[in-house]
Amino acid sequence: MIHNKISDMFKKEVYIERRKKVAEKVGSGVILFLGNVEAPLNYPDNSYYWRQDSNFAYFFGLQCQGLAGVIDIESGENIIFGTEITIDDIIWGGPQKSLKERSESVGIDIVKDYSELSTFLKNAVKSGRRVHYLPAYRGEHFLELSKLLSLKTCVINEYVSRDLIKAVVSLREIKSDIEIVEIERAEDIAYEMQTTAMKMAKSGVYEYEIAGALEGITLKHNGHLSFHSIISINGQTLHNHTHNNVLTKGRMLVVDAGAETDTLYASDITRSIPVDGKFDSRQRDIYEIVLAANLKGIEGIKPGINNVENHIASVTTLLEGLKGLGMVKGDPLDAVMNGVGALFMPHGLGHQMGMDVHDMEGLGEDNVGYDENLKRSTIPGIKSLRMGKQLKVGHVFTVEPGCYFIPAWYDIWRKENRCADFINYDKVAEYLDFGGIRIEDDILVTENGHRVLGKPIPKTVEEVEKACNE
């Protein structure tokens, strides 16, 4: 066992209450949460960065490896299965609390050796009780569940508990006050990351220099990146994971990056920055259109509204702006409902955010962003929306419209003459060398509407230019 990465996340009463609620929602049986183990990078003792499973962390709070948490609903027992520390752990990891002491810190007084878990689960199954578990997403989890439950790895995710998925989503998606505090800690780090990028966005600088500086900021604050940073002058590539380009005048730099705090809560912010700190007229035109779409997407956020309505309003604003530049024809709302938005913005308006930057999506996008009252649209563009369902107080999610000119995507549309009544293809072609722009903020649904989380990060043309040149 390796020592805790951090101190206990919250007081033990938080975890006791969370486990009580999930047990009540599931109703009967045994709930199993597997923690994460180390994954070797290139040989056994050199591993990838280790990070605890979010669901295990949410309900059991322990930041150490090789654990499983069990909630026995009928008996009311909460059990940690793991391996007690040895002298080797102390030699290599330093003095540390025992597993028993750690478990007590999150309100659990029953600790068993991990070797007993298989027998415990098999006895539960023999007695006719269901073992509830969540979808596996790591190879180690598939193998471990296969061993523990005597199932083939290929069918592991066919036997996940729908009741547990619904219960976990209903609990984790409503952020408590203490969780909001942690998210805003991550937002504060994101502010420093984004304003640093603005200052660095100069001709001759490599993307990787900015990427390294931003990751360094997260480490400086005892955190990590919440996802692999998207930092690129090729903003038309939605998820760019290489940083080898040199910045040149006339390009826009998209910086989509966020921090994860030592308590595992995330931020996710995007700003688009003119290289050398000054928008030219074409950049300003597209930027102002995306900014208007961002503000429109935020404006309508309040409890009781389906977020798909905010997506449609935001993309309609985007197409209104593009109509003003001669790229779009006809009624912008009709264009959206005919799928035209997908040419310029293939993704949705946003996703839930919390302990996972795409919160809980390991449980299935539709299980998180939709429900029995709202099914995913089939309209291009709208169908890509990750978070569409009715908003509730405590939801935290992103609003991140963008406008992208993707030559290969454009070629397909033009060849097929898609939505020709709404698109001036000749005018769009004039922008195929432009790249892309995205602007993203993180939003909390409140009783009276919404709140943009964190310290305001420069977002208007004037604010961005000023920040670039400070």
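The values are calculated or read from the model by the stated rules, or taken from the named source; none is laboratory data. Just so you know, these numbers come straight off a predicted model, no measurement behind them. No Cβ is skipped: glycine too gets one built from the backbone with ideal geometry, and neighbour counts run over all protein chains shown. In case anyone asks, the SASA skips ligands and DNA or RNA and just uses the protein heavy atoms, side chains included. Shrake-Rupley method; radii C 1.70, N 1.55, O 1.52, S 1.80 Å.
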Exercise for review: Being more than 18 Å from residue 263 (Cβ to Cβ), out of contact with any Pro (no Cβ under 6 Å at 6 or more places or on another chain) and in a helix (DSSP H, G or I) narrows it down to one of 183, 189, 165, so name that one.
Suggested key: 165
Study note, to complete from the structure: Going through (1) among the β-branched types (Val, Ile, Thr); (2) in contact with a helix residue (DSSP H, G or I) (Cβ under 6 Å, 6 or more places away or on another chain); (3) more than 17 Å from residue 314 (Cβ to Cβ) one by one, residue 289 fails only at (3)
Point to revise | Candidate set from segment 42-65 (those that are touching a strand residue (DSSP E or B) at 6+ places or on another chain (Cβ under 6 Å) and open to solvent by 10 Å² or more (accessible area, probe 1.4 Å)); member that is nearest to residue 106 (Cα to Cα) | key: 55
Revision key, fill the gap. Restricting segment 370-384 to residues that are touching a Gly at 6+ places or on another chain (Cβ under 7 Å), touching a residue at least 40 places away in the same chain (Cβ under 8 Å) and under 26 Å from residue 160 (Cβ atoms), the one surrounded by the most Cβ atoms within 10 Å (Cβ to Cβ) turns out to be 384
Check your understanding: Looking at 209, 215, which is the one that is farther than 26 Å from residue 354 by Cα and modelled with pLDDT of 95 or more?
Key -> 209
Review point. Does residue 38 qualify as being farther than 26 Å from residue 176 by Cα, touching a strand residue (DSSP E or B) at 6+ places or on another chain (Cβ under 8 Å) and surrounded by fewer than 23 Cβ atoms within 10 Å (Cβ to Cβ)?
Key: yes
Practice item. Select from segment 191-229 the residues that are open to solvent by less than 10 Å² (accessible area, probe 1.4 Å) and not polar (S, T, N, Q) and write down the one among them that is farthest from the chain's Cα centre (by Cα). Key: 201
Point to revise | Scope segment 445-470; condition part of a helix (DSSP H, G or I) and either surrounded by 15 or more Cβ atoms within 10 Å (Cβ to Cβ) or touching a residue at least 40 places away in the same chain (Cβ under 8 Å) (or both); matching residues | key: 461, 464, 465, 467, 468
Check your understanding: Considering 61, 29, 35, 69, which residue is within 20 Å of the chain's Cα centre (by Cα) and within 19 Å of residue 118 (Cβ to Cβ)?
Key -> 35
Practice item. For residue 392, indicate whether it is part of a loop (DSSP other than H, G, I, E, B), surrounded by fewer than 19 Cβ atoms within 10 Å (Cβ to Cβ) and within 19 Å of the chain's Cα centre (by Cα). Key: yes
Review point. Restricting the search to segment 143-170, which residues are free of Cβ contacts under 8 Å to residues at least 12 places away in the same chain and within 22 Å of the chain's Cα centre (by Cα)?
Key: 162
Study note, to complete from the structure: All-but-one check, residue 69 against (1) in contact (Cβ under 8 Å) with a residue 40 or more places away in the chain; (2) surrounded by 21 or more Cβ atoms within 10 Å (Cβ to Cβ), failing number (1)
**Study point:** Options 267, 226; residue that is touching a residue at least 60 places away in the same chain (Cβ under 8 Å), small (Gly, Ala, Ser) and more than 18 Å from residue 459 (Cα to Cα)
**Key:** 226
Practice item. Out of the residues in segment 235-261 that are free of Cβ contacts under 8 Å to residues at least 40 places away in the same chain, under 24 Å from residue 399 (Cα atoms) and touching a Ser or Thr at 6+ places or on another chain (Cβ under 9 Å), state the one that is most open to solvent (accessible area, probe 1.4 Å). Key: 241
Revision key, fill the gap. Here the qualifying pairs (Cβ atoms under 9 Å; residues six or more apart or on different chains; first in segment 87-115 and open to solvent by 70 Å² or more (accessible area, probe 1.4 Å); second among the aliphatic types (A, V, I, L, M)) come out as 92/2; 97/85; 100/80; 100/111; 104/111
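Looking at 421, 366, 442, 433, which is the one that is open to solvent by 70 Å² or more (accessible area, probe 1.4 Å) and not in a loop (DSSP other than H, G, I, E, B)?
Going through 421, 366, 442, 433 in turn, the sole match is 366.
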Point to revise | Contacts under 8 angstrom Cβ, first residue in segment 312-336 being free of Cβ contacts under 8 Å to residues at least 40 places away in the same chain and of a type in the set (A, V, I, L, M), partner open to solvent by 10 Å² or more (accessible area, probe 1.4 Å) and part of a loop (DSSP other than H, G, I, E, B), 6 or more apart | key: 313/300
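Condition first: of a type in the set (Ser, Thr, Tyr), at pLDDT 95 or above and at negative phi. Can you find one or more residues in segment 54-61 that meet it?
Within segment 54-61, one or more residues are of a type in the set (Ser, Thr, Tyr), at pLDDT 95 or above and at negative phi.
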**Study point:** One residue from 337, 355, 387 being out of contact with any strand residue (DSSP E or B) (no Cβ under 6 Å at 6 or more places or on another chain) and open to solvent by less than 10 Å² (accessible area, probe 1.4 Å)
**Key:** 355
